[in-house]
1. Which members of the stretch 47-67 meet the condition of being touching a strand residue (DSSP E or B) at 6+ places or on another chain (Cβ under 8 Å) and free of Cβ contacts under 8 Å to residues at least 12 places away in the same chain?
2. Of the residues that sit in the stretch 385-397 and are open to solvent by 20 Å² or more (accessible area, probe 1.4 Å) and among the aliphatic types (A, V, I, L, M), which one is farthest from the chain's Cα centre (by Cα)?
3. Which members of the stretch 28-47 meet the condition of being among the acidic types (Asp, Glu) and either part of a helix (DSSP H, G or I) or surrounded by fewer than 18 Cβ atoms within 10 Å (Cβ to Cβ) (or both)?
4. Within the stretch 140-154, which residues are over 25 Å from GLU325 (Cα atoms) and either touching a helix residue (DSSP H, G or I) at 6+ places or on another chain (Cβ under 9 Å) or assigned to a helix (DSSP H, G or I) (or both)?
5. Kindly list the number of the only condition in (1) surrounded by 14 or more Cβ atoms within 10 Å (Cβ to Cβ); (2) out of contact with any Ser or Thr (no Cβ under 7 Å at 6 or more places or on another chain); (3) among the β-branched types (Val, Ile, Thr) that fails for VAL192.
6. What residue, among those in the stretch 84-112 that are under 29 Å from the mean Cα position of the chain (by Cα) and polar (S, T, N, Q), is surrounded by the fewest Cβ atoms within 10 Å (Cβ to Cβ)?
7. From the set of residues in the stretch 165-187 that are among the aliphatic types (A, V, I, L, M), part of a helix (DSSP H, G or I) and surrounded by fewer than 21 Cβ atoms within 10 Å (Cβ to Cβ), which is modelled with the lowest pLDDT?
8. How about the stretch 306-331: which of its residues are among the charged types (D, E, K, R) and assigned to a helix (DSSP H, G or I)?
Amino acid sequence: MNILDITIHVGLSQPKNGAQERYANLARQLTARDNSVIVLEAAEFVNPQDARLATIYSYSDLKFVGRTLRVFRDLAPSFARSVIRILRENAVDLIQISHPSGALSVKLATLLTASGAPLVYAPHNVESELVRETFSNDLRYTRIERFVLPRYIFLLELLVCRFVAQHVIAVSERDRDLIIRQFRLAPTKISVIPSGCSLDRLPTDEEKARARREQGISEHARVIVFHGYYPYPPNREAFDIIEQYLAPRLRTVDSKVLFLVGGAGAPTFERENVRSVGFIEDLRRFLATGDIAIVPIVAGSGTRLKIFQYMNRGLPIVTTEKGIEGVAAHNGEHALIVPRVDERFVDKVTCLLETESERARLGANARRLLEAQYTWDAIGAQLLRVYKRVLEARHGP
């Protein structure tokens with residue numbers, strides 16, 4: 001199968017966020033299953049390493065007064081030309097697009113070239129919900145932008161889901177139900193393909209000790225870790241919650257508690273019992289320092305890949321319901337889950353700080369859940385089955 005994969009905001013190499021991790025790993029999985037993958041990405045994201053995963057084409061986004069207008073990709077001449085060129089130079093069987101912007105242009109290109117390739121809309125989030133929750137109150141944008149763009153993305157996603165895409169991929173049952181309800185979509189038109197993680201061995205006691213020594217962290221400290229792409233508003237809010245609410249509260253419970261946080265775009269600082277390391281060069285080593293992982297996320301959609309990364313390291317997790325959406329984890333068995341960040345969240349963390357056996361139990365259960373359901377190998381096989389069904393429905397078995 002020849003698959004054209006169109007991304008937005010991200011490239012394939014050196015992932016900085018969960019969406020990029022997902023797209024890169026799904027491309028790897030499709031390639032590993034004897035498919036030819038062509039990726040169209042914005043020129044600014046192209047990395048020479050991308051060619052190891054796929055055949056790369058690029059385009060130039062529209063720009064206006066110094067801003068990149070990716071959400072208006074349907075109006076970018078370079079994007080339309082690149083899609084038409086790909087369809088003319090390659091026998092594309094199926095097109096996957098990760099954002100509603102550009103889908104109308106892609107549909108038109110398939111008609112102009114008589115390609116006949118079905119279009120699959122496969123976002124990392126429910127994009128209209130994400131924009132509504134995170135963009136509307138972002139003061140970096142003008143009042144007009146904050147009013148217009150959420151409504152524009154909603155209309156665009158509605159058109160793509162209802163009329164443009166032959167099939168839709170959601171990352172969780174919750175997102176699937178929202179898309180069906182919000183856009184009045186037939187349930188048979190949408191499939192759930194979760195995100196996941198590449199299974200890694202658990203860190204040894206020596207690796208944990210060495211990671212702490214390298215970070216200058218006492219062996220007696222109780223380290224609580226969190227990481228994420230800092231410019232993403234829900235992550236930035238979580239950083240603030242840790243520094244302004246959780247860290248002061250937990251410091252009164254246990255003076256040895258240290259919150260270790262970081263991620264792409266994060267500031268570097270150390271204040272009281274919070275240390276932010278900025279960009280994380282080695283995530284395995286960063287997580288090896290932790291006793292507990294927390295996910296104090298209160299907004300956004302999609303699945304947080306950090307959850308799988310914590311499960312992969314056997315870390316016990318305390319999270320909000322929002323933070324673990326899309327993961328079939330049971331409260332008290334695979335993680336400690338509360339509705340929001342409040343006293344109950346603090347109490348759950350306190351319980352784990354005080355009970356080593358409970359930390360070990362939850363961490364082991366989380367790891368087993370990852371092994372059973374959320375490896376990229378299993379997810380890649382699911383995706384390929386869906387794509388084969390899409391082609392069979394269009395062309396017949």
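The values are calculated or read from the model by the stated rules, or taken from the named source; none is laboratory data. Because the structure is a prediction, the values reported are computed rather than measured. Cβ atoms come from the backbone with ideal geometry, glycine included; neighbour counts cover every protein chain shown. For the accessible areas, the whole protein counts, side chains as well, though only heavy atoms, and no ligand, DNA or RNA atoms are used. Shrake-Rupley method; radii C 1.70, N 1.55, O 1.52, S 1.80 Å.
1. We begin by selecting, within the stretch 47-67, every residue touching a strand residue (DSSP E or B) at 6+ places or on another chain (Cβ under 8 Å); these are 50, 53-62.
None - no residue of the stretch 47-67 is touching a strand residue (DSSP E or B) at 6+ places or on another chain (Cβ under 8 Å) and free of Cβ contacts under 8 Å to residues at least 12 places away in the same chain, so the list stays empty.
2. Restricting attention to the stretch 385-397, the residues satisfying the condition of being open to solvent by 20 Å² or more (accessible area, probe 1.4 Å) are 385, 388-389, 391-397.
Add one more test, that the residue is among the aliphatic types (A, V, I, L, M), and what stays is 391, 393.
Numbers: LEU391: 27, ALA393: 29 Å.
Result: ALA393.
3. In the first step, residues of the stretch 28-47 are kept if they are among the acidic types (Asp, Glu); the result is 34, 41, 44.
Scanning the stretch 28-47 gives ASP34, GLU44.
4. TYR141, ARG143, ILE144, GLU145, ARG146, PHE147, VAL148, LEU149, TYR152
5. (2)
6. Among those residues, the one meeting the criterion is THR110.
7. Going residue by residue through the stretch 165-187, those that are among the aliphatic types (A, V, I, L, M) are 165, 168-171, 178-180, 185-186.
Among the residues that remain, those that are also part of a helix (DSSP H, G or I) are: 178-180.
Subsequent filtering for residues that are surrounded by fewer than 21 Cβ atoms within 10 Å (Cβ to Cβ) retains 178, 180.
Details: LEU178: 93, ILE180: 96.
Across the stretch 165-187, the extreme among qualifying residues is LEU178.
8. Our first condition is that a residue be among the charged types (D, E, K, R); within the stretch 306-331, this holds for 306, 313, 321-322, 325.
Hit for the stretch 306-331 is LYS306, nothing else.
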